[in-house]
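K.L.:
I'd like to ask some things about the structure below.
The values are calculated or read from the model by the stated rules, or taken from the named source; none is laboratory data. Computed from a predicted model, the values in this text were never measured in an experiment. Glycine also receives a Cβ, built like all others from the backbone with ideal geometry; neighbour counts cover every protein chain displayed. Accessible surface areas use protein heavy atoms only, side chains included; no ligands, DNA or RNA. Shrake-Rupley method; radii C 1.70, N 1.55, O 1.52, S 1.80 Å.
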Amino acid sequence: PYHLAQWTSLKFFGLSEWGVRLPSLLFAASSMLFILLLLRRWLQENVAIAWGIIVATSAWFLTVGRAGTPDIMVVFWTSLILLLATLVSQQAKGYQAWKTLGLISVGLSFYTPLMAYLFAASALAAMFQPHLRYIIRYAEKTSVSLGTLLFLIILVPLGWHIWRDPIVLRELLAIPTDIPGPLEFFKDLWGALSGLVNPFKSNIGLSITPLL
């Protein structure tokens, strides 16, 4: 989805700074809207607004949002899917439509690296959260069957691409070509953590994305 948006932007604005950055800015603005709506569902309105301002003005979000790279898609899909899942679990007005849109979003998000880890975490949450277990257990069988079919149709092009080039799977899971040893791994992890909590050390990099 990001590359399609960027192709459209370059088609209209040419190979310019505006043409390259516009998709990231649009996806960042959409992500911020989804985060605000999500926080309003989870928290009191004044707390949700305060948290929304903190997220919107954070250096990491502003950097990723204007970078002109697909990194913003992790934030976009995460915020959108969590919002739709919340609307479905709370059975908000028109939740059947939110359910369909959620399935489409989940399917399309698999085309973005790192998103598989979000769904692994979601599966664990569904196992331990009583309300989610109840929703899954008593879901309509017809709805589940149609949803599964729609989900698989969306993933057919991705599956075909992986079958032709298995390296794509490694890229989607963000597995490096050279696996670091334990010492190097914990050194990088410590560097990422210190960059988040140390106000005197500003370090924005790709390693922070999966950590957040």
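K.L.:
Considering only the range 50-58, I want to know if a residue exists there that is among the hydrophobic types (A, V, I, L, M, F, W, C), farther than 21 Å from Leu149 by Cα and touching a residue at least 24 places away in the same chain (Cβ under 8 Å).
P.N.:
Within the range 50-58, the first condition is being among the hydrophobic types (A, V, I, L, M, F, W, C), and the residues that meet it are 50-51, 53-56.
Within this subset, residues satisfying the condition of being farther than 21 Å from Leu149 by Cα are 50-51, 53-56.
Checking which are touching a residue at least 24 places away in the same chain (Cβ under 8 Å) leaves us with 56.
The answer is yes, given that some residue of the range 50-58 is among the hydrophobic types (A, V, I, L, M, F, W, C), farther than 21 Å from Leu149 by Cα and touching a residue at least 24 places away in the same chain (Cβ under 8 Å).
K.L.:
Looking at the range 19-60, which of its residues are among the aromatic types (Phe, Trp, Tyr) and either open to solvent by 90 Å² or more (accessible area, probe 1.4 Å) or touching a Ser or Thr at 6+ places or on another chain (Cβ under 6 Å) (or both)? Please lay out each step first, then the result.
P.N.:
Taking the range 19-60 as the starting set, the residues that turn out to be among the aromatic types (Phe, Trp, Tyr) are 27, 34, 42, 51, 60.
Scanning the range 19-60 gives Phe34, Trp42, Trp51.
K.L.:
Also: Give the range 1-18 a look and list any residue that's farther than 17 Å from Met73 by Cα and open to solvent by 100 Å² or more (accessible area, probe 1.4 Å), or say none. Quick ask: steps written out before the conclusion?
P.N.:
The initial filter retains those residues of the range 1-18 that are farther than 17 Å from Met73 by Cα, namely 10-18.
Hits for the range 1-18 are Lys11, Phe12, Phe13, Leu15, Glu17, Trp18.
K.L.:
A follow-up question, please. Has the range 109-116 got any residue that is out of contact with any strand residue (DSSP E or B) (no Cβ under 8 Å at 6 or more places or on another chain), open to solvent by 50 Å² or more (accessible area, probe 1.4 Å), assigned to a helix (DSSP H, G or I) and among the aliphatic types (A, V, I, L, M)?
P.N.:
Here is the first cut: in the range 109-116, the ones out of contact with any strand residue (DSSP E or B) (no Cβ under 8 Å at 6 or more places or on another chain) are 109-116.
If we keep only those that are open to solvent by 50 Å² or more (accessible area, probe 1.4 Å) too, we end up with 110-111, 113.
Imposing the further condition that a residue be assigned to a helix (DSSP H, G or I) reduces the set to none.
No; the residues of the range 109-116 include none that is out of contact with any strand residue (DSSP E or B) (no Cβ under 8 Å at 6 or more places or on another chain), open to solvent by 50 Å² or more (accessible area, probe 1.4 Å), assigned to a helix (DSSP H, G or I) and among the aliphatic types (A, V, I, L, M).
K.L.:
Continuing with this model, one more query. For Ala123, work out the one condition from (1) surrounded by 14 or more Cβ atoms within 10 Å (Cβ to Cβ); (2) within 17 Å of the chain's Cα centre (by Cα) it doesn't fulfil.
P.N.:
Looking at each condition in turn, Ala123 falls short on (1).
K.L.:
So if I check each of Leu62, Leu80, Leu36, which one is of a type in the set (A, V, I, L, M) and under 27 Å from Leu158 (Cα atoms)? I'd like the intermediate steps shown before the answer.
P.N.:
Values: Leu62 fails: under 27 Å from Leu158 (Cα atoms); Leu36 fails: under 27 Å from Leu158 (Cα atoms).
The match here is Leu80.
K.L.:
Oh, and also: Say we look at the range 157-178 and pick out the residues that are part of a helix (DSSP H, G or I) and of a type outside the set (A, V, I, L, M, F, W, C); which of these is nearest to the chain's Cα centre (by Cα)? Can you show your working first?
P.N.:
So the first thing to find is which residues in the range 157-178 are part of a helix (DSSP H, G or I), and the list is 157-164, 167-172.
Next, only the ones that are of a type outside the set (A, V, I, L, M, F, W, C) stay: 157, 159, 161, 164, 170-171.
Values: Pro157: 20, Gly159: 20, His161: 21, Arg164: 25, Arg170: 18, Glu171: 16 Å.
Checked the range 157-178; the qualifying residue nearest to the chain's Cα centre (by Cα) is Glu171.
K.L.:
Can you tell me how many residues within the range 55-81 are modelled with pLDDT of 85 or more and either of a type in the set (Gly, Ala, Ser) or more than 28 Å from Glu171 (Cα to Cα) (or both)? Break it down stepwise before answering.
P.N.:
At the first step, the residues of the range 55-81 found to be modelled with pLDDT of 85 or more are 72-81.
Okay, now just the ones that are also either of a type in the set (Gly, Ala, Ser) or more than 28 Å from Glu171 (Cα to Cα) (or both), so 79.
Residues that pass the stated criteria total 1.
K.L.:
Among the numbered criteria (1) in contact (Cβ under 8 Å) with a residue 12 or more places away in the chain; (2) open to solvent by 20 Å² or more (accessible area, probe 1.4 Å); (3) within 19 Å of Phe151 (Cα to Cα), which single criterion is violated by Pro70?
P.N.:
Among (1) in contact (Cβ under 8 Å) with a residue 12 or more places away in the chain; (2) open to solvent by 20 Å² or more (accessible area, probe 1.4 Å); (3) within 19 Å of Phe151 (Cα to Cα), Pro70 violates only (3).
K.L.:
Which one of Ile104, Ile136, Ile153 is under 24 Å from Tyr2 (Cα atoms), in a helix (DSSP H, G or I) and open to solvent by 70 Å² or more (accessible area, probe 1.4 Å)? Show your work before the answer.
P.N.:
On the way: Ile104 fails: open to solvent by 70 Å² or more (accessible area, probe 1.4 Å); Ile136 fails: under 24 Å from Tyr2 (Cα atoms).
The match here is Ile153.
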